[in-house]
Amino acid sequence: MRLAPSPTGTLHIGTARTAVFNWLFARRQGGQFLLRIEDTDKERSKPEYTANILEGLQWLGINWDEEPVVQSERIAEHRAAIQQLLDSGRAYRCYATEAELTEMRERQAAENRAPRYDNRHRNLTPEQEQAFIAEGREATIRFRIDDDAVITWTDLVRGEMRWAGADLGGDMVIARRAPADQIGDPLYNLVVVVDDAAMAITHVIRGEDHIANTAKQLLLYEALGAPVPVFAHTPLILNKEGKKLSKRDGVTSVNDFRAQGYTAEALANYMTLLGWSPPEGMGERFSLAEAAAVFDFERVNKAGARFDWDKLNWLNSQVLHERSPEQLLAELEPLWSAQGWPTTTADATWLQELCALLGPSLVTLQDGIEQARPFFERPELNEAAQKQLATEGARPALAALLERLPEGPLSPEAAQALLGEAVAAAGVKKGVLMKTLRAALLGSLQGPDLLTTWLLLQPSGEARSRIERSL
Ligand code: GLU
């Protein structure tokens, strides 16, 4: 198994999902999962994208078994394979100029025909070739695709597949234009086959947008005499409208999900569900290792997988609810300190208690910023809070509590006892004091558990200050 990302952008969710399926299948089969960086597009490939892809996979919990293969270091092998195809007559030089090819395509378009190369230079005589060379023409190298070829394979997801050679667009370019005594830059379909064969890849698992490439690649395997791997084409990831998820959908790179506060576990879990149905009884929340124990392609759907934010959010909240306060703190601390909150000077136990309080209501880690804000910054009183303070008995009850409020930390039992004394003294219902205390402490009638909130704001004197302010 292998993942062959092109480092022309950050790790895309589609590539990450392909990685997940490859990894799960490799682990299930006891096989190897390898990486190959397809960096032959020199203009668009960047080392920082390679770094981002590797780092993103690691973050997701996907490990690989050997040093990644770097495609650009293998050009000599690619050229040798092209030479082999030239020598065996399966490939030839095509001297058609860009202008001639454009003219050909325009004519096809005008006649409502699908664009295809008309194989015009397939059988040039040596004299014709010499004449083109004498004109100063350069040549691409094309691989012969017979119109009557029938290409079949058994796809692990899609079953029996069949392509007609005539539907592959004519003889395919395998090396870019170059002087006729040279071999130009080798192109995608050729290099993938040469590399997959060299890496002894037994299973090629990739998105269904590669199906036509697979048909072409099968012809190349045959022409090069290389063993043919098994193919599995996974369904595309679709947006809400049922169209292929694209940059226009906003969040598409693993970085984006991470920045929005999604955890690696939830994202990996969710990507596994994008196209794969777990066996009965397994539920939808599982780790990659748990999925690897049962993963197979029989349970991968052919139909495109619609991206379901509700499910991702649900999984992420499950993951966050399972976190220990220590783990949650490790993830929230950087977000909090980015807000300028003094996390380094704050007491570690206090920070963990805050995490334990907020954890159960988080959907994303980002939620942990807004929900923690009133513990680091004194909030304004919103309208509902002001109204509450104005209700009958509210201020007297709060004043009764303030009178009895000690300095320094409080135990939950002592706090409960204080509440009891204050309502008795003020002659109000306990509910009135609770609601008013919440308004005073959080500036709002909504928020996490009141007693814990109070106990967290108590040691610093902040509880007292906020009650005084409200009075
Ligand atoms: N570099 C190709 C891509 O990123 C690899 C496709 C393949 O898996 O063969 O689409």
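The values are calculated or read from the model by the stated rules, or taken from the named source; none is laboratory data. A quick note: this is a predicted structure, and the numbers were derived from the prediction, not measured. FYI the Cβ positions are ideal-geometry reconstructions off the backbone, even for glycines, and counts take in every protein chain you see. Quick note on the areas: whole protein, heavy atoms, side chains included, nothing else; ligands and nucleic acids left out. Shrake-Rupley method; radii C 1.70, N 1.55, O 1.52, S 1.80 Å.
Considering the range 178-214, and only residues there that are in a strand (DSSP E or B) and over 26 Å from Tyr92 (Cβ atoms), the residue that is nearest to the ligand (Cβ to nearest atom) turns out to be Arg206.
From the list Ala91, Ala19, Ala4, the lone residue that is more than 15 Å from the ligand (Cβ to nearest atom) and among the hydrophobic types (A, V, I, L, M, F, W, C) is Ala91. Of all residues in the range 1-14, those satisfying the criterion of being assigned to a loop (DSSP other than H, G, I, E, B) and buried (at least 21 other Cβ atoms within 10 Å of the Cβ) are Met1, Ala4, Pro5, Pro7, Leu11. If the condition is being touching a Phe, Trp or Tyr at 6+ places or on another chain (Cβ under 8 Å) and within 11 Å of the ligand (Cβ to nearest atom), then the range 7-16 contributes Pro7, Thr8, Gly9.
Residue count for the range 236-271, restricted to those that are of a type outside the set (A, V, I, L, M) and closer than 16 Å to Leu24 by Cα: 3. Scanning the range 316-337 for residues that are surrounded by fewer than 16 Cβ atoms within 10 Å (Cβ to Cβ) and over 23 Å from the mean Cα position of the chain (by Cα) yields a total of 3. Among the residues of the range 215-244 satisfying the criterion of being of a type in the set (Val, Ile, Thr) and away from the ligand (no atom under 12 Å from the Cβ), which is surrounded by the fewest Cβ atoms within 10 Å (Cβ to Cβ)? Checking each candidate, the answer is Val230. Only one of the numbered conditions (1) of a type in the set (D, E, K, R); (2) open to solvent by 20 Å² or more (accessible area, probe 1.4 Å); (3) over 30 Å from Ile141 (Cα atoms) is violated by Arg17, and that is (2). Applying the condition of being away from the ligand (no atom under 12 Å from the Cβ) and out of contact with any strand residue (DSSP E or B) (no Cβ under 8 Å at 6 or more places or on another chain) to the range 30-47 and asking which residue is most open to solvent (accessible area, probe 1.4 Å) yields Glu43. Residues in the range 374-395 that are assigned to a helix (DSSP H, G or I) and more than 47 Å from the chain's Cα centre (by Cα) were compared, and the one that is surrounded by the most Cβ atoms within 10 Å (Cβ to Cβ) is Ala394.
Return the residue satisfying two criteria in turn: it lies in the range 157-199 and is without any contact (Cβ under 8 Å) to a residue 24 or more places away in the chain and under 32 Å from the mean Cα position of the chain (by Cα), and of such residues it is nearest to Ile82 (Cα to Cα). In this case the residue turns out to be Leu187. Within the range 210-230, residues that are closer than 13 Å to Ala164 by Cβ have Cβ atoms under 8 Å from residues that are within 15 Å of the ligand (Cβ to nearest atom) and in a helix (DSSP H, G or I) in these pairs: Lys216/Asn189, counting only partners at least 6 apart in sequence or on another chain.
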